[in-house]
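**Q** Below is a structure I'd like to ask you about.
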Amino acid sequence: MNRAVNNEVNINNGKSVAALFAEMKQELQDFVQTRVTMFKVELQEKVRVVKAAAPLAVIGAVLLLTAYLLLTLALVALVFALLPDNAYRWCIAFAAIGVLWLILGGIAAYMAKRELEVKGLLPKRTVEVLKEDKMWIQAEVKQI
């Protein structure tokens with residue numbers, strides 16, 4: 001026993017279908033806006049941290065590169081001194097240290113890759129809230 005008034009149908013709660021759709025649209029807009037704002041805030045926090053650490057990271061990288069080059073040359077000279085007299089002693093010494101760095105670099109790259117896979121780069125709070133929202137929406141849809 002529905003009443004038709006100006007092509008709008010009233011249901012049990014006294015609201016028209018158009019009013020319900022307008023309300024749902026507004027709630028959806030608020031919902032999306034809240035999630036987008038939360039994502040932006042979390043992203044801005046991460047950007048602030050990166051901006052603060054960037055100059056120190058550059059200075060550290062330059063000093064580490066300098067130390068790396070000096071230590072590499074010292075190791076090459078040490079290997080050169082330990083090798084028997086040979087016309088290719090320098091070449092063998094550089095190759096030996098190059099292989100050592102290749103092995104150590106491969107291990108470090110593998111460990112970094114695993115760490116990134118485990119921790120991930122996704123904004124965790126936003127993803128968790130979105131998962132909770134998904135479960136809530138699914139529960140609401142089941143009730144309808």
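**Q** What does the convex hull of the alpha-carbon atoms of segment 94-142 project to on average, in nm²?
**A** 4.5 nm²
**Q** Averaged across orientations, what area in nm² does the convex hull of the alpha carbons in segment 4-143 project?
**A** On the way: hull surface 60.6 nm².
Averaging across all directions leaves 15.1 nm² for the Cα convex hull.
**Q** Right, next: How do 76-83, 64-71 rank on mean C-beta neighbours within 10 Å, highest first? Before the final figure, lay out each step's value.
**A** Details: 76-83: 13.9, 64-71: 10.2.
Descending mean neighbour count gives 76-83, 64-71.
**Q** Lys and Arg at +1, Asp and Glu at -1: add these up for the other residues within a Cβ distance under 13 Å of Pro123 and post the number.
**A** Spelling it out: positives minus negatives among the neighbours equals +4.
**Q** Around Met135, under 13 Å between beta carbons, what's the net of Lys plus Arg minus Asp minus Glu among the other residues?
**A** Numbers: positive: Lys131, Lys134, Lys142; negative: Glu128, Glu132, Asp133, Glu140.
Local net charge: -1.
**Q** What FRET efficiency comes out for the pair Ile107/Lys46, r = Cβ-Cβ distance, R0 = 25 Å, nearest 0.05? Spell out each step's value before the answer.
**A** Values: r = 28 Å, r/R0 = 1.12.
That gives a FRET efficiency of 0.35.
**Q** Another question, if that's okay. With +1 assigned to the C-beta of every Lys and Arg and -1 to the C-beta of every Asp and Glu, and no other charges, what is the dipole magnitude of the chain about the Cα centre in debye, to the nearest 20?
**A** Values: 17 positive and 13 negative charges, 6 e Å.
I would put it at about 40 debye.
**Q** Leu116 to Leu20: FRET efficiency via 1/(1 + (r/R0)^6), r the Cβ-Cβ distance, R0 41 Å, to the nearest 0.05?
**A** Once rounded, the FRET efficiency stands at 0.35.
**Q** Let me ask something additional. What residue among Gln143, Ala109, Phe94 has its Cα farthest toward the positive end of the dipole of segment 50-144, where the charges are +1 on Lys, Arg and -1 on Asp, Glu, each on the Cβ?
**A** Gln143
**Q** Here's something else I'd like to know. Where Lys and Arg each count +1 and Asp and Glu each count -1, what net charge lies around Gln29 among other residues with Cβ under 15 Å from its Cβ?
**A** Numbers: positive: Lys25, Arg35; negative: Glu23, Glu27, Asp30, Asp133.
Charge balance near Gln29 sits at -2.
**Q** Expected output is a single nm value to one decimal: the length gained when fully extending between Arg35 and Glu132, i.e. 0.36 nm times separation in residues minus the C-alpha distance. What is it? Intermediate results must be reported in sequence, preceding the final value.
**A** Values: separation 97, 0.36 × 97 = 34.92 nm, distance 1.18 nm.
Difference between extended and current length: 33.7 nm.
FYI, it's all coordinate maths here, none of it is from the lab. All values reported here derive from a predicted model rather than from experimental measurement. Please note: Cβ atoms are built from the backbone with ideal geometry, for glycine as well, and neighbour counts cover all protein chains shown.
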